[in-house]
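Okay, structure first, notes after.
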Amino acid sequence: MAVKVCKFGGTSMADGNVIKNVKKIIESDAERKFIVVSAPGKRYSADKKVTDLLLNCYAEVSACGDIKAAFAPVRARFVSLVKELELDFDINSVLDETEKAIAAEKSEDFTASRGEYLNARIVAKVLGAKFIDAKDVIFFDGNGALDGEKSYKAVAEALKGVERAVFPGFYGTGADGKVKTFSRGGSDISGAIVARAVKASLYENWTDVSGFLACDPRLVDCPKRIKTISYKELRELSYMGANVLHADSIFPVRSANIPVKIKNTFRPEDDGTSILPISRYTPSGTVVTGVAGKKNFTVIFIEKSLMNSEVGFMGKVLAVLAKEGVSVEHVPSGIDTMSLVIESCALEGGKLDKILAGIKSQVKPDVLRVIENIALIATVGHGMSSSVGTSARLFGAIAGANINVKMIDQGSSEINIVVGVSNDDYEKCIKAIYKEFFN
Ligand code: ADP
Ligand code: ASP
Ligand code: MG
């Protein structure tokens, strides 16, 4: 029988009623055998996600706070969840053990991971399924990257002869043997790892929207749903801020050609979005597939006469950044100019000053300028490379909204154009691009 792996996000786990609904979704399809869950998310807009409550708990305990008081909001969330589910489960004993373990481990990652751990134990009980702890099957290497081969093997081994199982998302075991988490939203990666390990026919990602939308629904009312999207387009859009799916979650599934489907837990009958390899992908028919963006970048602009003929110029500049452990998002360049686009948070703690000093001493630029508070916006689509006049339409729309473009980078993949605008123009710019290509 074909096997589907289903990942349920935080809002799909927010309270007992929603989890009862999730049980119905799972039981309505015998192929939905292996489940990955996030920690409970927000029940209403002013609510807090359990992961945020746990991070807060870690911060308070680290500041010599009392663990009982710091852990109390987390305890209350899980106690009420078990009550709403009318489960015969001694959650208080499990919470007591967890509270002790958090105090003993003194680790931010371990503390943050407990939302998924506790929730997966509860959901396993609800479904009468086996609980498999991610710490025993998902592994990171010495560089902190996923150890895919080791993880796929361990997941497959743990699932031998198992009818139905529930895994906590978001964490695994680091090279030092301690619990380590992915970055925020990382349960999507856990789901993809399980899908790859069992060679799933489909990886279903259940969330609170009816698919991948052409732009962030918090910026534009009811954006168009993308029916099918390629792994490549998805990677570009999710990396650039469309975090309905974690940007790294496609790697385990893409190499095995496993399709992904984004579905809405609250409207399971809706079609959702299919994410497919390019060979099985039907173009949407629109020039642009989607628009996404992120705020808070810094641009370091360098100008030097005859830069292009100075062998190794770019290498020397990039070596300065590598020495500080800072990665660069984009490097648009001209004959005598280059710009380094970097996430502003990576330059905190005096790193920007060290990098500027390093560039000055290594390449002696004529001009060295820093532009802060930049937002990057990516317009993405396979249709863009074959369609004449796309950039004219894009820049026309941005100019029409009276927005000054501070940087342009056309990705060499020809499926995206990235523009840098001031943080203050971010929302306006996304709206203008969406209107041009979708309204
Ligand atoms: P989950 O808790 O299920 O993992 P997330 O909050 O991580 O859910 O992702 C779903 C949210 O992503 C949506 O509620 C929506 O606000 C946001 N989002 C941002 N960009 C997009 C987009 N292009 N398409 C759909 N949702 C988007
Ligand atoms: N609970 C984690 C977070 O809030 C992981 C996830 O939901 O995917 O980021
Ligand atoms: Mg998510």
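The values are calculated or read from the model by the stated rules, or taken from the named source; none is laboratory data. Small disclaimer: the values here were computed from a predicted structure and weren't measured. Methodologically, a virtual Cβ is constructed for each residue, glycine included, from the backbone with ideal geometry; neighbour enumeration extends over all protein chains shown. Side chains are part of the model used for accessible areas, which takes the heavy atoms of the whole protein and leaves out ligands, DNA and RNA. Shrake-Rupley method; radii C 1.70, N 1.55, O 1.52, S 1.80 Å.
G41 satisfies every condition listed in (1) more than 16 Å from ligand 3 (Cβ to nearest atom); (2) more than 24 Å from V137 (Cα to Cα) except (1).
Select, from E31, E60, the only residue that is within 24 Å of I193 (Cβ to Cβ) and over 23 Å from the mean Cα position of the chain (by Cα). Testing whether each residue is within 24 Å of I193 (Cβ to Cβ) and over 23 Å from the mean Cα position of the chain (by Cα) leaves just E31. Restricted to the range 205-288, the set of strands (runs of 3 or more DSSP E) holding at least 1 residues that are under 20 Å from G9 (Cα atoms), within 14 Å of ligand 1 (Cβ to nearest atom) and charged (D, E, K, R) comprises 260-264. Consider V320 carefully, then state whether it is among the aliphatic types (A, V, I, L, M), modelled with pLDDT of 95 or more, surrounded by fewer than 17 Cβ atoms within 10 Å (Cβ to Cβ) and within 30 Å of the chain's Cα centre (by Cα). No; evaluated as a whole, the condition is false for this residue.
A quick yes/no check of all residues on (1) basic (K, R); (2) part of a helix (DSSP H, G or I); (3) within 16 Å of ligand 3 (Cβ to nearest atom); (4) within 20 Å of the chain's Cα centre (by Cα):
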{"position": "K160", "(1), (2), (3), (4)": "yes, no, no, no"}
{"position": "K180", "(1), (2), (3), (4)": "yes, no, no, yes"}
{"position": "I189", "(1), (2), (3), (4)": "no, yes, yes, yes"}
{"position": "R196", "(1), (2), (3), (4)": "yes, yes, no, yes"}
{"position": "Y203", "(1), (2), (3), (4)": "no, no, yes, yes"}
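Of all residues in the range 246-261, those satisfying the criterion of being among the hydrophobic types (A, V, I, L, M, F, W, C) and within 19 Å of T228 (Cβ to Cβ) are A247, I250, V253, A256, I258, V260. Is one or more of the residues making up the range 294-305 within 16 Å of ligand 1 (Cβ to nearest atom) and either of a type outside the set (S, T, N, Q) or surrounded by fewer than 20 Cβ atoms within 10 Å (Cβ to Cβ) (or both)? Checked against the condition, which is being within 16 Å of ligand 1 (Cβ to nearest atom) and either of a type outside the set (S, T, N, Q) or surrounded by fewer than 20 Cβ atoms within 10 Å (Cβ to Cβ) (or both), the range 294-305 yields at least one hit.
In the range 288-304, the residues that are within 16 Å of ligand 3 (Cβ to nearest atom) form Cβ pairs under 7 Å with partners that are assigned to a strand (DSSP E or B), at six or more places apart or across chains, as follows: A292/A378; K294/A375; K294/L376.
Applying the criterion of at least 1 residues that are within 25 Å of P223 (Cα to Cα) and either open to solvent by 40 Å² or more (accessible area, probe 1.4 Å) or of a type outside the set (A, V, I, L, M) (or both) to the helices (runs of 4 or more DSSP H) found wholly in the range 339-437 leaves 383-386, 390-400.
A Cβ distance below 8 Å, combined with a sequence gap of six or more or placement on separate chains, defines the contacts here; from the range 95-123, residues that are at positive phi and more than 11 Å from ligand 2 (Cβ to nearest atom) reach residues that are open to solvent by 20 Å² or more (accessible area, probe 1.4 Å) and not β-branched (V, I, T) in the pairs K106/S62. Filter the range 1-30 down to the residues that are touching a residue at least 40 places away in the same chain (Cβ under 8 Å), open to solvent by less than 50 Å² (accessible area, probe 1.4 Å) and away from ligand 1 (no atom under 13 Å from the Cβ) and list them by number. Result: A2, V3, K4, V5, D15, G16, I19, I25, I26. Does F266 satisfy the condition of being among the aromatic types (F, W, Y) and open to solvent by 10 Å² or more (accessible area, probe 1.4 Å)? Yes: the conditions hold for F266.
Looking only at the range 63-74, which residues are of a type in the set (G, A, S) and within 30 Å of the chain's Cα centre (by Cα)? Scanning the range 63-74 gives A63, A70, A72. Identify all residues within the range 197-213 that are acidic (D, E) and out of contact with any Cys (no Cβ under 9 Å at 6 or more places or on another chain); write none if there are none. Once the filter is applied, which keeps residues that are acidic (D, E) and out of contact with any Cys (no Cβ under 9 Å at 6 or more places or on another chain), the range 197-213 yields only D208. The residues listed here are A247, A256; of these, the one that is of a type in the set (A, V, I, L, M, F, W, C), touching a Ser or Thr at 6+ places or on another chain (Cβ under 8 Å) and surrounded by fewer than 22 Cβ atoms within 10 Å (Cβ to Cβ) is A247. Once the range 148-173 is narrowed to residues that are open to solvent by less than 10 Å² (accessible area, probe 1.4 Å) and among the small types (G, A, S), the residue that is nearest to ligand 1 (Cβ to nearest atom) is G169. Within the range 28-53, being more than 13 Å from L127 (Cβ to Cβ) and within 11 Å of ligand 2 (Cβ to nearest atom) holds for S38, A39, P40, G41, K42, K48, K49, V50, T51, D52, L53. Considering the range 176-190, and only residues there that are out of contact with any Ser or Thr (no Cβ under 8 Å at 6 or more places or on another chain) and open to solvent by 10 Å² or more (accessible area, probe 1.4 Å), the residue that is nearest to ligand 2 (Cβ to nearest atom) turns out to be G185.
Residues checked against (1) at pLDDT 95 or above; (2) within 16 Å of ligand 2 (Cβ to nearest atom); (3) closer than 20 Å to A134 by Cα; (4) not hydroxyl-bearing (S, T, Y):
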| site | (1), (2), (3), (4) |
| --- | --- |
| A192 | yes, yes, yes, yes |
| Y203 | yes, yes, yes, no |
| G211 | yes, no, no, yes |
| E233 | no, no, no, yes |
| G241 | no, yes, no, yes |
| S249 | yes, yes, yes, no |
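Checked against the criterion of being surrounded by 19 or more Cβ atoms within 10 Å (Cβ to Cβ) and at pLDDT 95 or above, the range 323-338 contains not a single residue that satisfies it.
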